[in-house]
(Lines give C-alpha, C1' and ligand atoms only; values in the text may rest on other atoms or scores of the structure.)
Protein backbone atom coordinates (compact mmCIF):
# COMPACT_ATOMS: atom_id res chain seq x y z
CA UNK A 1 0.00 0.00 0.00
CA UNK A 2 1.46 3.34 -1.03
CA UNK A 3 1.30 6.26 1.33
CA UNK A 4 1.13 9.85 0.16
CA UNK A 5 3.76 12.08 1.68
CA UNK A 6 1.07 14.43 3.01
CA UNK A 7 -0.22 11.60 5.21
CA UNK A 8 3.04 11.67 7.15
CA UNK A 9 3.40 15.29 8.31
CA UNK A 10 6.57 14.62 10.30
CA UNK A 11 9.67 14.77 8.14
CA UNK A 12 11.75 11.76 9.16
CA UNK A 13 15.46 12.21 8.78
CA UNK A 14 18.76 10.97 10.03
CA UNK A 15 22.51 11.07 9.97
CA UNK A 16 25.33 8.75 9.04
CA UNK A 17 27.56 7.73 11.94
CA UNK A 18 30.57 5.44 12.25
CA UNK A 19 29.54 2.12 10.68
CA UNK A 20 25.89 3.02 11.08
CA UNK A 21 22.92 5.32 10.71
CA UNK A 22 20.87 7.37 13.14
CA UNK A 23 17.19 7.92 12.32
CA UNK A 24 15.00 10.44 14.08
CA UNK A 25 11.25 10.44 14.62
CA UNK A 26 8.95 12.88 16.44
CA UNK A 27 9.86 11.57 19.91
CA UNK A 28 12.31 8.75 19.16
CA UNK A 29 15.88 8.30 17.98
CA UNK A 30 17.31 4.98 16.83
CA UNK A 31 20.99 4.49 16.06
CA UNK A 32 21.85 1.26 14.25
CA UNK A 33 25.52 0.29 14.13
CA UNK A 34 27.11 -2.76 12.54
CA UNK A 35 29.41 -4.46 15.01
CA UNK A 36 30.95 -7.45 13.26
CA UNK A 37 28.11 -9.47 11.76
CA UNK A 38 25.55 -8.03 14.16
CA UNK A 39 23.49 -4.84 13.90
CA UNK A 40 23.22 -3.18 17.31
CA UNK A 41 20.34 -0.73 17.78
CA UNK A 42 20.24 1.93 20.49
CA UNK A 43 16.93 3.71 21.05
CA UNK A 44 16.20 6.79 23.11
CA UNK A 45 13.31 9.13 23.74
CA UNK A 46 13.68 12.79 22.89
CA UNK A 47 11.72 15.96 23.52
CA UNK A 48 12.42 18.39 20.66
CA UNK A 49 13.69 21.74 21.92
CA UNK A 50 11.03 23.58 19.92
CA UNK A 51 8.40 21.89 22.11
CA UNK A 52 9.75 23.67 25.21
CA UNK A 53 8.46 27.12 24.28
CA UNK A 54 5.97 28.04 21.57
CA UNK A 55 8.14 30.94 20.41
CA UNK A 56 10.83 28.45 19.35
CA UNK A 57 8.43 27.10 16.72
CA UNK A 58 8.17 30.44 14.94
CA UNK A 59 9.57 30.60 11.41
CA UNK A 60 13.09 32.07 11.19
CA UNK A 61 13.60 31.23 14.89
CA UNK A 62 13.15 27.46 14.76
CA UNK A 63 15.90 27.05 12.18
CA UNK A 64 18.74 27.99 14.56
CA UNK A 65 17.18 25.98 17.39
CA UNK A 66 16.91 22.86 15.23
CA UNK A 67 20.45 23.38 13.93
CA UNK A 68 21.99 23.51 17.41
CA UNK A 69 19.86 20.60 18.63
CA UNK A 70 20.89 18.54 15.59
CA UNK A 71 24.53 19.31 16.29
CA UNK A 72 24.19 18.11 19.90
CA UNK A 73 22.38 14.92 18.86
CA UNK A 74 24.82 14.36 16.01
CA UNK A 75 27.91 14.54 18.20
CA UNK A 76 26.28 12.31 20.80
CA UNK A 77 25.33 9.63 18.28
CA UNK A 78 28.75 9.77 16.63
CA UNK A 79 30.29 9.20 20.04
CA UNK A 80 27.87 6.33 20.66
CA UNK A 81 28.71 4.65 17.37
CA UNK A 82 32.44 5.02 17.98
CA UNK A 83 32.03 3.39 21.40
CA UNK A 84 30.04 0.48 19.96
CA UNK A 85 32.48 -0.17 17.13
CA UNK A 86 35.54 0.04 19.38
CA UNK A 87 33.92 -2.02 22.13
CA UNK A 88 34.26 0.69 24.79
CA UNK A 89 32.02 0.69 27.81
CA UNK A 90 29.16 3.18 27.93
CA UNK A 91 30.84 4.97 30.81
CA UNK A 92 33.82 5.80 28.59
CA UNK A 93 31.71 8.05 26.37
CA UNK A 94 32.01 11.82 26.40
CA UNK A 95 30.92 13.58 29.57
CA UNK A 96 28.59 16.59 29.48
CA UNK A 97 31.60 18.89 29.88
CA UNK A 98 33.50 17.18 27.07
CA UNK A 99 30.40 17.28 24.89
CA UNK A 100 30.01 21.00 25.55
CA UNK A 101 33.68 21.67 24.78
CA UNK A 102 33.40 19.69 21.55
CA UNK A 103 30.39 21.74 20.45
CA UNK A 104 32.09 25.03 21.38
CA UNK A 105 35.20 24.01 19.43
CA UNK A 106 33.09 23.05 16.40
CA UNK A 107 31.25 26.39 16.50
CA UNK A 108 34.47 28.39 16.86
CA UNK A 109 36.06 26.47 13.98
CA UNK A 110 33.01 27.14 11.80
CA UNK A 111 33.10 30.84 12.69
CA UNK A 112 36.79 31.00 11.84
CA UNK A 113 36.50 29.18 8.51
CA UNK A 114 33.17 30.50 7.25
CA UNK A 115 32.87 33.94 8.87
CA UNK A 116 36.21 35.48 9.79
CA UNK A 117 38.49 34.13 7.02
CA UNK A 118 36.15 34.85 4.04
CA UNK A 119 35.26 38.27 5.47
CA UNK A 120 38.95 39.09 5.85
CA UNK A 121 39.66 38.02 2.27
CA UNK A 122 36.84 40.22 1.00
CA UNK A 123 37.88 43.15 3.20
CA UNK A 124 41.46 43.01 1.94
CA UNK A 125 40.19 43.85 -1.57
CA UNK A 126 38.77 47.15 -0.26
CA UNK A 127 40.27 50.00 -2.22
CA UNK A 128 40.71 47.82 -5.31
CA UNK A 129 37.12 46.86 -6.11
CA UNK A 130 33.63 48.06 -5.20
CA UNK A 131 31.60 46.77 -2.29
CA UNK A 132 29.42 44.46 -4.40
CA UNK A 133 32.52 42.78 -5.83
CA UNK A 134 33.98 42.52 -2.33
CA UNK A 135 30.83 40.75 -1.22
CA UNK A 136 31.00 38.35 -4.15
CA UNK A 137 34.65 37.59 -3.37
CA UNK A 138 33.72 36.96 0.25
CA UNK A 139 30.85 34.66 -0.75
CA UNK A 140 32.97 32.81 -3.30
CA UNK A 141 35.63 32.30 -0.62
CA UNK A 142 33.05 30.72 1.71
CA UNK A 143 31.81 28.33 -0.95
CA UNK A 144 35.38 27.59 -2.06
CA UNK A 145 36.47 26.73 1.49
CA UNK A 146 33.46 24.44 1.87
CA UNK A 147 34.18 22.63 -1.41
CA UNK A 148 37.88 22.32 -0.59
CA UNK A 149 36.97 20.82 2.79
CA UNK A 150 34.69 18.23 1.16
CA UNK A 151 37.26 17.23 -1.45
CA UNK A 152 39.90 16.93 1.27
CA UNK A 153 37.97 14.68 3.66
CA UNK A 154 36.79 12.44 0.81
CA UNK A 155 40.36 11.15 0.57
CA UNK A 156 40.06 9.27 3.88
CA UNK A 157 38.72 5.71 3.75
CA UNK A 158 36.85 6.07 7.05
CA UNK A 159 35.05 9.15 5.74
CA UNK A 160 34.17 7.33 2.52
CA UNK A 161 32.49 4.65 4.65
CA UNK A 162 30.51 7.32 6.49
CA UNK A 163 29.47 8.86 3.16
CA UNK A 164 28.25 5.45 1.98
CA UNK A 165 26.10 5.15 5.10
CA UNK A 166 24.92 8.68 4.32
CA UNK A 167 23.77 7.41 0.94
CA UNK A 168 22.01 4.46 2.61
CA UNK A 169 20.21 6.86 4.93
CA UNK A 170 18.93 8.95 2.01
CA UNK A 171 17.86 5.92 0.01
CA UNK A 172 15.89 4.57 2.96
CA UNK A 173 14.15 7.89 3.64
CA UNK A 174 13.30 8.25 -0.06
CA UNK A 175 11.80 4.75 -0.04
CA UNK A 176 9.66 5.54 3.01
CA UNK A 177 8.47 8.82 1.49
CA UNK A 178 7.57 7.00 -1.73
CA UNK A 179 5.32 4.72 0.32
CA UNK A 180 7.23 1.61 -0.75
CA UNK A 181 8.09 -1.34 1.47
CA UNK A 182 11.33 -1.00 3.41
CA UNK A 183 13.30 -3.84 1.85
CA UNK A 184 16.85 -3.97 0.51
CA UNK A 185 15.50 -4.45 -3.02
CA UNK A 186 13.24 -1.37 -2.83
CA UNK A 187 15.78 0.84 -1.07
CA UNK A 188 18.54 -0.08 -3.55
CA UNK A 189 16.48 1.38 -6.39
CA UNK A 190 16.13 4.82 -4.81
CA UNK A 191 18.32 7.87 -5.23
CA UNK A 192 21.01 8.55 -2.67
CA UNK A 193 20.23 12.29 -2.96
CA UNK A 194 17.62 14.07 -0.84
CA UNK A 195 16.54 17.75 -0.88
CA UNK A 196 16.66 18.22 2.91
CA UNK A 197 20.19 16.92 3.37
CA UNK A 198 22.51 18.92 5.60
CA UNK A 199 24.85 19.36 2.64
CA UNK A 200 22.12 21.20 0.74
CA UNK A 201 21.33 23.25 3.84
CA UNK A 202 24.92 24.47 4.15
CA UNK A 203 25.03 25.46 0.48
CA UNK A 204 21.71 27.31 0.81
CA UNK A 205 23.00 29.18 3.86
CA UNK A 206 26.20 30.17 2.02
CA UNK A 207 24.23 31.51 -0.95
CA UNK A 208 21.72 33.36 1.23
CA UNK A 209 24.58 34.98 3.15
CA UNK A 210 25.84 36.54 -0.09
CA UNK A 211 22.43 38.12 -0.71
CA UNK A 212 21.92 39.32 2.87
CA UNK A 213 25.41 40.76 3.39
CA UNK A 214 25.18 42.64 0.10
CA UNK A 215 22.71 45.07 1.69
CA UNK A 216 24.73 45.83 4.85
CA UNK A 217 27.02 48.45 3.37
CA UNK A 218 30.79 48.76 3.30
CA UNK A 219 31.72 49.46 6.92
CA UNK A 220 34.97 48.95 8.87
CA UNK A 221 36.33 45.48 9.55
CA UNK A 222 34.71 45.19 12.99
CA UNK A 223 31.30 46.02 11.47
CA UNK A 224 31.70 43.30 8.85
CA UNK A 225 32.85 40.63 11.30
CA UNK A 226 30.18 41.55 13.84
CA UNK A 227 27.27 41.55 11.40
CA UNK A 228 28.35 38.22 9.88
CA UNK A 229 28.21 36.56 13.28
CA UNK A 230 25.11 38.32 14.64
CA UNK A 231 23.06 37.69 11.50
CA UNK A 232 23.93 34.02 11.25
CA UNK A 233 20.82 32.88 13.21
CA UNK A 234 18.60 34.83 10.79
CA UNK A 235 20.37 33.39 7.73
CA UNK A 236 20.18 29.88 9.17
CA UNK A 237 16.48 30.43 9.82
CA UNK A 238 15.85 31.47 6.21
CA UNK A 239 17.85 28.48 4.98
CA UNK A 240 15.89 26.10 7.19
CA UNK A 241 12.55 27.37 5.86
CA UNK A 242 13.83 26.98 2.29
CA UNK A 243 14.87 23.37 2.96
CA UNK A 244 11.51 22.56 4.60
CA UNK A 245 9.69 23.99 1.59
CA UNK A 246 11.92 22.20 -0.92
CA UNK A 247 11.20 18.85 0.72
CA UNK A 248 7.45 19.27 0.34
CA UNK A 249 7.61 20.81 -3.14
CA UNK A 250 10.70 19.20 -4.64
CA UNK A 251 9.14 18.83 -8.10
CA UNK A 252 8.18 22.51 -8.34
CA UNK A 253 11.54 23.69 -6.99
CA UNK A 254 13.67 21.42 -9.15
CA UNK A 255 15.97 24.14 -10.50
CA UNK A 256 16.46 25.74 -7.09
CA UNK A 257 17.42 22.55 -5.29
CA UNK A 258 19.53 21.12 -8.13
CA UNK A 259 22.88 22.62 -6.92
CA UNK A 260 22.37 21.14 -3.45
CA UNK A 261 21.53 17.73 -4.90
CA UNK A 262 24.59 17.86 -7.13
CA UNK A 263 26.79 18.70 -4.14
CA UNK A 264 25.50 15.60 -2.33
CA UNK A 265 27.41 13.53 -4.86
CA UNK A 266 30.46 14.56 -2.81
CA UNK A 267 28.99 13.72 0.60
CA UNK A 268 27.19 10.46 -0.25
CA UNK A 269 28.42 7.20 -1.70
CA UNK A 270 26.64 4.22 -3.20
CA UNK A 271 26.01 1.88 -0.25
CA UNK A 272 26.35 -1.90 -0.25
CA UNK A 273 23.67 -4.32 0.91
CA UNK A 274 25.00 -4.45 4.45
CA UNK A 275 24.90 -0.67 4.82
CA UNK A 276 21.36 -0.52 3.46
CA UNK A 277 20.31 -3.17 5.99
CA UNK A 278 21.64 -0.97 8.80
CA UNK A 279 19.73 2.09 7.56
CA UNK A 280 16.51 0.09 7.21
CA UNK A 281 16.96 -1.30 10.72
CA UNK A 282 17.35 2.21 12.15
CA UNK A 283 14.26 3.63 10.41
CA UNK A 284 12.10 0.61 11.16
CA UNK A 285 13.10 0.81 14.81
CA UNK A 286 11.92 4.42 14.97
CA UNK A 287 8.69 3.73 13.10
CA UNK A 288 7.80 0.71 15.21
CA UNK A 289 8.59 2.58 18.44
CA UNK A 290 6.40 5.50 17.35
CA UNK A 291 3.58 3.13 16.40
CA UNK A 292 3.68 0.93 19.52
CA UNK A 293 0.63 2.67 20.98
CA UNK A 294 -1.19 2.85 17.66
CA UNK A 295 -3.71 0.29 16.41
CA UNK A 296 -2.15 -2.82 14.79
CA UNK A 297 -3.49 -1.84 11.37
CA UNK A 298 -1.11 1.12 11.35
CA UNK A 299 1.84 -1.27 11.47
CA UNK A 300 0.41 -3.24 8.57
CA UNK A 301 -0.09 -0.07 6.50
CA UNK A 302 3.59 0.76 6.89
CA UNK A 303 4.77 -2.79 6.17
CA UNK A 304 6.08 -3.16 9.70
CA UNK A 305 3.77 -5.78 11.22
CA UNK A 306 6.21 -8.65 10.71
CA UNK A 307 9.05 -6.53 12.07
CA UNK A 308 7.28 -5.31 15.22
CA UNK A 309 8.05 -8.42 17.19
CA UNK A 310 11.77 -8.11 16.40
CA UNK A 311 12.17 -4.44 17.23
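The values are calculated or read from the model by the stated rules, or taken from the named source; none is laboratory data. Treat the numbers as computed from the prediction; the structure is a model and nothing was measured. FYI the Cβ positions are ideal-geometry reconstructions off the backbone, even for glycines, and counts take in every protein chain you see.
Among the candidates 196, 246, which residue alone is under 14 Å from residue 11 (Cβ atoms), buried (at least 17 other Cβ atoms within 10 Å of the Cβ) and touching a strand residue (DSSP E or B) at 6+ places or on another chain (Cβ under 7 Å)?
Working: 246 fails: touching a strand residue (DSSP E or B) at 6+ places or on another chain (Cβ under 7 Å).
Exactly one residue qualifies, and that residue is 196.
Per the listing 119, 175, the residue uniquely closer than 30 Å to residue 283 by Cβ and at pLDDT 90 or above is 175.
Please indicate, with yes or no, whether at least one residue in the range 90-99 is in contact with a strand residue (DSSP E or B) (Cβ under 7 Å, 6 or more places away or on another chain) and surrounded by 15 or more Cβ atoms within 10 Å (Cβ to Cβ). Spell out the reasoning first.
We begin by selecting, within the range 90-99, every residue in contact with a strand residue (DSSP E or B) (Cβ under 7 Å, 6 or more places away or on another chain); these are none.
Looking for residues that are in contact with a strand residue (DSSP E or B) (Cβ under 7 Å, 6 or more places away or on another chain) and surrounded by 15 or more Cβ atoms within 10 Å (Cβ to Cβ), one finds none in the range 90-99, hence no.
For residue 66, are the conditions met, namely being buried (at least 18 other Cβ atoms within 10 Å of the Cβ) and touching a residue at least 60 places away in the same chain (Cβ under 8 Å)? The answer is yes for residue 66. Going by the structure shown, is residue 102 assigned to a helix (DSSP H, G or I), in contact with a strand residue (DSSP E or B) (Cβ under 8 Å, 6 or more places away or on another chain) and within 29 Å of residue 275 (Cβ to Cβ)? No; evaluated as a whole, the condition is false for this residue. Screening the range 114-229 for helices (runs of 4 or more DSSP H) wholly inside it with 1 or more residues that are without any contact (Cβ under 8 Å) to a residue 60 or more places away in the chain and farther than 30 Å from residue 79 by Cα returns the ranges 117-124, 131-153, 184-188, 198-213.
Does the range 23-43 include one or more residues that are under 21 Å from residue 205 (Cβ atoms) and either at pLDDT 90 or above or assigned to a loop (DSSP other than H, G, I, E, B) (or both)?
yes
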